[in-house]
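S.K.: Before I ask anything, let me first share the structure, which is written out below as structure tokens.
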Amino acid sequence: TVYAELDMQPVRATLGNDAFIWVGTDIDGRAGVDSVAIRAGVDVTTTELADKLSNIETIDLSAAGSNHILGGLTLADVVTITGRNNGTLTIMGDEDDHVELSRGSNWSGGAVNNDGYLVYTSGTVTLLIDEEMAANISYVA
């Protein structure tokens, strides 16, 4: 058995592109294209994400194991997370990961683009979900 000690320190966002690890605390990506990685085997709710994340363009669920975004991602959640009324949120993941979308947000689309993402739109907001997750996208009330 090999053990490693990891000393993680809080890091402030820059005006450039930043990558963060979700530990449940507030993250404001500020400017740039910013991503938040969800640790392996973690379930998060859309409420947690919308309450804690701002100015984030990518949520990465691809850590080993099964990760879930629960509670039905809404248009309002995406606007809050990205900080833009016409924002695009990208969700990266694999066949072990799951995303719940809100029926009430009238997400339309689901076709795969040239970059390998399922494209959903609602109003002026775009949601890109890794096509490897296609079998694990569901709708909730």
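S.K.: Considering each of Asn136, Asn106, Asn85 in turn, give the residue that is of a type in the set (S, T, N, Q), on the phi > 0 side of the Ramachandran plot and in contact with a Gly (Cβ under 9 Å, 6 or more places away or on another chain).
M.R.: Asn106
S.K.: Read through the list (1) touching a strand residue (DSSP E or B) at 6+ places or on another chain (Cβ under 8 Å); (2) among the acidic types (Asp, Glu); (3) open to solvent by 10 Å² or more (accessible area, probe 1.4 Å), then give the number of the only condition that Asp97 fails.
M.R.: Of everything listed in (1) touching a strand residue (DSSP E or B) at 6+ places or on another chain (Cβ under 8 Å); (2) among the acidic types (Asp, Glu); (3) open to solvent by 10 Å² or more (accessible area, probe 1.4 Å), Asp97 misses just condition (3).
S.K.: Same structure, new question: Checking the structure you have, find out if any residue of the range 53-64 is open to solvent by 30 Å² or more (accessible area, probe 1.4 Å) and in contact (Cβ under 8 Å) with a residue 40 or more places away in the chain.
M.R.: Within the range 53-64 (the criterion being open to solvent by 30 Å² or more (accessible area, probe 1.4 Å) and in contact (Cβ under 8 Å) with a residue 40 or more places away in the chain), the answer is yes, since at least one residue qualifies.
S.K.: May I ask you to verify whether Ile56 is at pLDDT 95 or above, in contact with a strand residue (DSSP E or B) (Cβ under 7 Å, 6 or more places away or on another chain), assigned to a loop (DSSP other than H, G, I, E, B) and closer than 21 Å to Tyr117 by Cα?
M.R.: yes
S.K.: Then there's this: Could you go through the range 70-84 and let me know if any residue there is free of Cβ contacts under 8 Å to residues at least 12 places away in the same chain, assigned to a strand (DSSP E or B) and of a type in the set (A, V, I, L, M).
M.R.: No - not one qualifying residue is present in the range 70-84.
S.K.: Which residues, taken from the range 100-118, are within 24 Å of Trp22 (Cβ to Cβ), open to solvent by 40 Å² or more (accessible area, probe 1.4 Å) and in a strand (DSSP E or B)?
M.R.: Residue satisfying the conditions is Tyr117 alone.
S.K.: Would you pick out the residues in the range 23-41 that are touching a strand residue (DSSP E or B) at 6+ places or on another chain (Cβ under 8 Å), modelled with pLDDT of 90 or more and not acidic (Asp, Glu)?
M.R.: Residues satisfying the conditions are Ile27, Gly29, Val33, Ser35, Val36, Ala37, Ile38.
S.K.: Take Asp28 and tell me if it is acidic (Asp, Glu), under 25 Å from Tyr120 (Cα atoms) and open to solvent by 60 Å² or more (accessible area, probe 1.4 Å).
M.R.: Yes, satisfied.
The values are calculated or read from the model by the stated rules, or taken from the named source; none is laboratory data. All of these numbers come straight from a predicted model, not from anything done at the bench. All Cβ positions, even for glycine, are placed from backbone atoms using ideal geometry, and neighbour counts span all protein chains on display. Surface accessibility is based on the protein's heavy atoms, side chains included, excluding ligands, DNA and RNA. Shrake-Rupley method; radii C 1.70, N 1.55, O 1.52, S 1.80 Å.
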